[in-house]
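Undergrad: Structure incoming, see below.
The values are calculated or read from the model by the stated rules, or taken from the named source; none is laboratory data. Note that this is a predicted model, so its numbers are computed, not measured. In this analysis, Cβ positions are derived from the backbone assuming ideal geometry, glycine residues included, and neighbour counts consider all displayed protein chains. Protein only, heavy atoms only, side chains kept; ligands, DNA and RNA dropped before computing areas. Shrake-Rupley method; radii C 1.70, N 1.55, O 1.52, S 1.80 Å.
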Amino acid sequence: MLADRELRELVQYVSPDPVLSVYLNTDPTQGNKDAYRLRLRNLLKGVNLPADVAAVEDFFQRSYDWSGKGVAVFSSAPQSFFRTYTLPLTMPDLVHVSDRPSVRVLADLLDSYGGYGVVLVDKQGARVFSFHLGILQEQEGVVGEAVKRVKHGGASTKPGSRGGIAGMTRKVDELVERNMKDSVEFAVDFFEQMHVRRILIGGTDDNIAQFRSLLPKAWQSLVVGSFGMNMAASSAEVYEKTMQIGQEAERQRENRLIEEMITQAAKQSEAVAGLDATLDAVNADRVKTLVLMQGYQQPAYQCTHCHYLTVRPLATCPACTSKMREIKDAVDYAVGRVMRLGGDVEVIHGHPRLEEIGKIGAFVRYA
């Protein structure tokens, strides 16, 4: 499993020698070892890095246990840099050579399947889960005081009498609220530890509404969906629902994001659209969130000194007058640069409005 610190290492790593990045789909339901090794050899045919190619092929021949649905491998043999990450998610096949690891496929997976917090709630307690890159992990839940159902009749309802149904109902409501507050505190602590970026809540409508209302406002804004589910549900049921609701919520969020970006770009306000404008923002380190179509690639020219990017075929850099070189994919470089500076990357899986504006754009900060 790819941890945050390992992703940061990949994002920050720059080599004086070429880095070979390989992503391979190894879903056992779609093929066998021999078929995947053959596809790997075909992918590596055009790579003129014999030591790195040999290291990658040796890994798949001797070390890979074929337990995952996808694997990422990064190699720079002269620097003794070799990293492998097995993931329980399918991924597109990709081979890329640059001076740094290609992280765009990982950015896509993290955007779609990373950083979810899931909580099941009832009147007594909560179960919390972390859903990250296809793996659902449960944390032991908090259980409050048992809530007894109020029965009608059998209690004094005369004016001035203590107790009665009203008094019992009030005590039950206070107990439920206390339990809910404990559940919220427990869930928030867990979400902070797991660096959760999106939250899903399961339970009855009433319990979901009460739990959500007690969340601090900063955490309420991260709730992207809810679903009906019993507290005794199995982890498999929670996983299935998380995948379903999470993907639906993600599509809705992407629609809102793209429409907002297009609107702001038209106003020349807080966003830009199209490759030229986006690369200008990347060059100026002004990108807060990079938005791009899955699989979008574009050759460009890059300064050998300051790494200035442009689609124009320039011989010298307009920023520092150093020599320019042609690169196969400016988008991949832009993804890495934005992530290195702490920005976000949103990878969109097909959207006609994003297609219309050139498949790429960004939310930006102004100096």
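Undergrad: Using only the alpha-carbon atoms, how far is helix 235-266 inclined from the longest principal axis of the chain? Give it as 0 to 90 degrees, nearest 10.
TA: 60 degrees
Undergrad: How about region 17-66: which trypsin sites (Lys or Arg not before Pro) there lie in a loop by DSSP and see at most 10 other Cβ atoms within 10 Å? Intermediate results must be reported in sequence, preceding the final value.
TA: On the way: sites: Lys33, Arg37, Arg39, Arg41, Lys45, Arg62; in loops: Lys45.
Loop-located and lightly packed - Lys45.
Undergrad: Could you work out the equivalent-ellipsoid semi-axes for region 201-347, taking the square root of 5 times each eigenvalue of the Cα gyration tensor, largest first, in whole Å? Before the final figure, lay out the partial values.
TA: Details: eigenvalues 358, 53, 33 Å².
The three semi-axes for region 201-347 are 42, 16, 13 Å.
Undergrad: At 1.4 Å probe size, with every protein chain present, just tell me what the per residue accessible area of the chain comes to in Å². Before the final figure, lay out each step's value.
TA: Details: 18780 Å² over 367 residues.
Per-residue value: 51 Å².
Undergrad: Could you point to the residue in Tyr239, Thr263, Phe211 farthest towards the positive end of region 202-288's charge dipole, with +1 and -1 charges on the Cβ of Lys/Arg and Asp/Glu respectively?
TA: Among Tyr239, Thr263, Phe211, the one farthest towards the positive end of the dipole of region 202-288 is Phe211.
Undergrad: Where the eigenvalues come from the Cα gyration tensor of region 1-140, what are the semi-axes √(5λ) of the equivalent ellipsoid, largest first, in whole Å?
TA: Here the semi-axes work out to 32, 18, 11 Å.
Undergrad: So, one more: Compare the Cα positions of Ile348, Tyr296, Pro28 along the charge dipole of the chain (+1 at Cβ of Lys, Arg; -1 at Cβ of Asp, Glu; about the Cα centre) and return the one farthest towards the positive end.
TA: Final value for the positive-end residue is Ile348.
Undergrad: Now, a different point. Of the peptides 293-299, 263-269, 279-285, how do they stack up when ordered by the mean number of other Cβ atoms within 10 Å, highest first?
TA: Working: 293-299: 16.1, 263-269: 13.0, 279-285: 19.6.
My ranking of the peptides, most packed first, is 279-285, 293-299, 263-269.
Undergrad: Using the alpha-carbon centroid of each, what span in Å lies between region 118-141 and region 23-68?
TA: Here the two parts' Cα centres lie 36 Å apart.
Undergrad: Given Lys288/Lys328; Lys123/Lys181; Lys181/Lys217, which pairs have Cα atoms separated by over 19 Å?
TA: Working: Lys288/Lys328 24 Å; Lys123/Lys181 10 Å; Lys181/Lys217 14 Å.
Violating the 19 Å Cα-Cα cut-off are Lys288/Lys328.
Undergrad: Report, in debye and to the nearest 20, how large the dipole of the chain comes out about its Cα centre when Lys and Arg carry +1 and Asp and Glu carry -1 on their Cβ.
TA: Details: 43 positive and 45 negative charges, 127 e Å.
Charge dipole of the chain: 620 debye, to the nearest 20.
Undergrad: Mind pulling the per residue volume of the convex hull built on the Cα atoms of the chain? Å³ is fine. Intermediate results must be reported in sequence, preceding the final value.
TA: Working: hull volume 63.7 nm³, N = 367.
So the per-residue hull volume is 174 Å³.
Undergrad: In debye to the nearest 20, how big a dipole does region 292-364 give about its Cα centre with +1 on each Lys and Arg Cβ and -1 on each Asp and Glu Cβ? Mind showing how you got there, number by number?
TA: Working: 8 positive and 7 negative charges, 63 e Å.
So the dipole magnitude of region 292-364 works out to roughly 300 debye.
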